[in-house]
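*Asks:* The structure is given below, and queries will be raised subsequently.
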């Protein structure tokens with residue numbers, strides 16, 4: 001893994017950690033696990049329990065829904081799996097490594113414990129997650145609107 005100083009400067013660029021200082025990032029690192037994935041490796045599977053999220057440090061992943069249809073691609077500094085970690089529904093898509101991927105995983109129990117122990121970290125991370133999810137939802141809305149504007153009216157019902 002990267003030396004600590006370089007690693008901390010990388011964390012500062014990740015939207016999930018925006019507004020957190022070195023001490024807070026250090027706390028998060030203590031509950032995180034570094035993982036590596038090979039191209040084509042399934043990271044998360046649709047329909048499974050979502051008790052872990054991934055912060056991409058290197059590489060790209062594809063988000064695939066039923067039938068293998070690609071709906072998104074994410075790359076370094078993006079997060080995936082946050083909705084399932086903070087909700088109770090199973091994963092809705094497969095997440096597959098497109099190339100060599102490395103990242104930090106955090107599970108829901110460790111995050112919950114950290115948030116109870118250090119509420120300011122929890123509040124800031126949750127605000128960052130909400131902001132990130134709002135951005136993803138806005139992008140999905142724009143894509144849906146673009147598709148509907150090109151679809152014949154009678155198909156829309």
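The values are calculated or read from the model by the stated rules, or taken from the named source; none is laboratory data. If you're wondering where the values come from, they're calculated on a predicted model, not measured in any experiment. No Cβ is skipped: glycine too gets one built from the backbone with ideal geometry, and neighbour counts run over all protein chains shown.
*Asks:* Is it the case that the range 126-141 has a residue that's touching a strand residue (DSSP E or B) at 6+ places or on another chain (Cβ under 7 Å), at pLDDT below 95 and part of a helix (DSSP H, G or I)?
*Replies:* For the range 126-141, residues touching a strand residue (DSSP E or B) at 6+ places or on another chain (Cβ under 7 Å), at pLDDT below 95 and part of a helix (DSSP H, G or I): present.
*Asks:* Suppose the filter is at positive phi, crowded, with 18+ Cβ neighbours inside 10 Å, at pLDDT 90 or above and in contact with a strand residue (DSSP E or B) (Cβ under 7 Å, 6 or more places away or on another chain); does residue 40 pass it?
*Replies:* So residue 40 does not fit the description; no.
*Asks:* How about the range 75-121: which of its residues are more than 12 Å from the chain's Cα centre (by Cα), assigned to a helix (DSSP H, G or I) and touching a residue at least 12 places away in the same chain (Cβ under 8 Å)?
*Replies:* 108, 109, 110, 111, 113, 114, 120, 121
*Asks:* For the range 47-67, how many residues are buried (at least 17 other Cβ atoms within 10 Å of the Cβ), on the phi < 0 side of the Ramachandran plot and outside any strand (DSSP E or B)?
*Replies:* 1
*Asks:* So which residues in the range 9-28 are in contact with a helix residue (DSSP H, G or I) (Cβ under 8 Å, 6 or more places away or on another chain) and closer than 17 Å to residue 79 by Cα, if there are any at all?
*Replies:* Answer for the range 9-28, where residues must be in contact with a helix residue (DSSP H, G or I) (Cβ under 8 Å, 6 or more places away or on another chain) and closer than 17 Å to residue 79 by Cα: 11, 12, 15, 16, 17, 18, 19, 20, 25, 28.
*Asks:* Follow-up. Cβ-Cβ below 6 Å, separation at least six or inter-chain, first residue in the range 16-45 and part of a strand (DSSP E or B), second surrounded by fewer than 16 Cβ atoms within 10 Å (Cβ to Cβ): which pairs?
*Replies:* Partner pairs satisfying both residue conditions: 34/1.
*Asks:* Consider residue 70 carefully, then state whether it is surrounded by fewer than 15 Cβ atoms within 10 Å (Cβ to Cβ), touching a strand residue (DSSP E or B) at 6+ places or on another chain (Cβ under 9 Å), farther than 22 Å from residue 31 by Cα and modelled with pLDDT of 90 or more.
*Replies:* yes
*Asks:* Within the group 23, 35, which residue is within 20 Å of residue 110 (Cα to Cα) and exposed (fewer than 13 other Cβ atoms within 10 Å of the Cβ)?
*Replies:* The unique qualifying residue is 23.
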